[in-house]
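Engineer: Quick one: the structure is below, and I'll ask about it shortly.
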Amino acid sequence: MTTAPKNVVIGRALVVDDHPIIHEALKPLLLDRGVGAVSAAFSMLAGFQAYRRDRPDLMIVDVNLGDDRLSGTSLIRRIRKRDAATPILALSFYPAAAVETQAIAAGASGFVEKSRSPAEILDAVFRAAGGSFTSGPQTSRRPADPSGLPDMNMREIKTLSLLGRGRTYKQISHDLGLSYGTVAEIGALLKYRFKAQSLQELVRIAAMLLFVA
């Protein structure tokens, strides 16, 4: 993998994604890497308004906003009509080459799958910000490596998936037909297996592993 350039400073980043959990997962990662501030927008229109208001140093845009799978590329194209300089990293759950091609054609500085590891996503962020992004198999089409995941049974996988979608223990107990106590026990076991210090951290891990679409 290409190494991110050193000494790249990002004063303000704007994340445009219709899944709030993605914001919750990315924000602490970016702040920990020295990004000054991270703001959020949840739709194409809100993203454009936030761009005009905040003038971010970097944008991270989900290609698949809402029901329109390419509305993110529409946002990128709209911004590029007035701004050719601001780095924009396109983000998507879908690994299809066509999605990457659409994003780059719209003017994205780079593309990365949501299923990449947090370290790989951060690397893509800083390479895009530093102008050294190179698109290719290492960033978009290589399947995620599951070897680092702990063994889980189907109930644990479903619980983690629902946590990643922002569901509460009470909602998960209803969704899966389990008692609240059983779901809480599964959650405690998942926190232990993923070495999460809190439920919030476990939810962020679920999002970054892309148990959410």
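Engineer: When the residues of segment 6-28 are filtered to those that are touching a strand residue (DSSP E or B) at 6+ places or on another chain (Cβ under 8 Å) and among the small types (Gly, Ala, Ser), which remaining residue is surrounded by the most Cβ atoms within 10 Å (Cβ to Cβ)?
Structural biologist: The extreme case among them is Ala13.
Engineer: Looking for something in a loop (DSSP other than H, G, I, E, B) and free of Cβ contacts under 8 Å to residues at least 60 places away in the same chain - is there at least one such residue anywhere in segment 161-173?
Structural biologist: So far as segment 161-173 goes, yes, one or more of its residues are in a loop (DSSP other than H, G, I, E, B) and free of Cβ contacts under 8 Å to residues at least 60 places away in the same chain.
A short reminder: the numbers here are calculations on the coordinates, not readings from a lab. Everything quoted here is computed from the prediction, not taken from an experiment. Ideal geometry is used to build each Cβ from the backbone, glycine not excepted, and the neighbour counts take in all protein chains shown.
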